[in-house]
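This report concerns only the one structure given below.
The values are calculated or read from the model by the stated rules, or taken from the named source; none is laboratory data. Just so it is clear, the structure is predicted and the values come from calculations on it, not from any experiment. So basically every Cβ, Gly included, is an ideal-geometry build from the backbone, and we count neighbours across all protein chains shown. Side chains included, ligands, DNA and RNA excluded: accessible areas come from the protein's heavy atoms. Shrake-Rupley method; radii C 1.70, N 1.55, O 1.52, S 1.80 Å.
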Amino acid sequence: MKTRWSFEKERRLMVSSQIERRGIHDARLLNAMRIVPRHLFVPKEKQSLAYEDFPLSIGHGQTISQPFIVALMTELLELSGKENVLEVGTGSGYQAALLAQLAATVHTVERHVELAQHAREVLQSMEVENVSVHQGDGSEGWPQAAPYDAIIVTAAAPRTPAPLLDQLAEGGRLVIPVGDRFMQDLQVWKRHGAEFSTRKNIPVAFVPLRGKYGWDEKEWH
Ligand code: SAH
């Protein structure tokens, strides 16, 4: 990825005041957040708000998560640089661009054709070469490139989709918001052979995961 972008001062301030101050200290992650140009992933008229401490709407009823939530979920994936990673819910492509800095390969799945295409174009314009954007139902994972050392779901699931656990590599981590329409718990799953350990992190609020293992339109419109 190209590494010099405008809004550098805003990115540094975002990292020190929103991320480090709240207890995230992974140096590789903080450095990647100082580099990835978040403003290029939001609609033009919102670029000046891209580094603020809140989520932003990106069209089609979807949002780019608050920077701190992106950082927290990424830290929970425990990436060292060698991993094959799956993201479910490409949205703007920002999370995928960050993962691309921290892992070897990234597969990201988005159900909206337009969002997938837009994210692809933005990532290409930045010369990000290790992300593949796929259009489809990511609640079923992306078996073609499995297994994954880390899987991140950036939409709220009613329960953890079984295919995502199946597609985890030995020792792999899955980070996913699970709960109801109003609030979800960030869950962290880890594979140990045929077994999985699970723990809860903080409460979060995401847009719904749709599809076969997600929310039905009737249950959450
Ligand atoms: N990670 C994104 C934010 C995602 S918002 C970013 O960095 O900007 C959640 C996204 O999940 C939305 O774009 C929504 O369309 C998508 N989504 C919802 N259900 C999905 C499914 N079953 N498969 C793939 N994407 C899905």
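Taking the criterion of being assigned to a loop (DSSP other than H, G, I, E, B) and aliphatic (A, V, I, L, M), the residues of the stretch 184-212 that qualify are Ala194, Ala205, Val207, Leu209. Among the residues examined, Glu83 qualifies as open to solvent by less than 30 Å² (accessible area, probe 1.4 Å), over 22 Å from Val42 (Cβ atoms), more than 14 Å from the chain's Cα centre (by Cα) and more than 13 Å from the ligand (Cβ to nearest atom).
Being surrounded by fewer than 22 Cβ atoms within 10 Å (Cβ to Cβ), more than 6 Å from the ligand (Cβ to nearest atom) and at positive phi, is that true of even one residue in the stretch 89-101? Scanning the stretch 89-101, I find no residue that is surrounded by fewer than 22 Cβ atoms within 10 Å (Cβ to Cβ), more than 6 Å from the ligand (Cβ to nearest atom) and at positive phi, so the answer is no. Select from the stretch 199-214 the residues that are aliphatic (A, V, I, L, M) and open to solvent by 30 Å² or more (accessible area, probe 1.4 Å) and write down the one among them that is nearest to the ligand (Cβ to nearest atom). Only one residue tops the list, namely Val207.
Farther than 25 Å from Ala157 by Cβ, modelled with pLDDT of 95 or more and within 14 Å of the ligand (Cβ to nearest atom): is that true of Ala32 in this structure? Write out each step before concluding.
Working: farther than 25 Å from Ala157 by Cβ: yes; modelled with pLDDT of 95 or more: yes; within 14 Å of the ligand (Cβ to nearest atom): yes.
Criteria met by Ala32.
Which residues, counting only those in the stretch 35-67, are hydrophobic (A, V, I, L, M, F, W, C) and either within 13 Å of the ligand (Cβ to nearest atom) or at pLDDT below 95 (or both)?
Hits for the stretch 35-67 are Val36, Leu40, Phe41, Val42, Ala50, Leu56, Ile58, Ile64.
Residues in the stretch 110-142 that are polar (S, T, N, Q) and away from the ligand (no atom under 11 Å from the Cβ): Gln117, Gln124, Ser125, Asn130, Ser132. As for the stretch 175-194, it holds no residue that is surrounded by fewer than 21 Cβ atoms within 10 Å (Cβ to Cβ), within 12 Å of the ligand (Cβ to nearest atom) and of a type outside the set (Asp, Glu).
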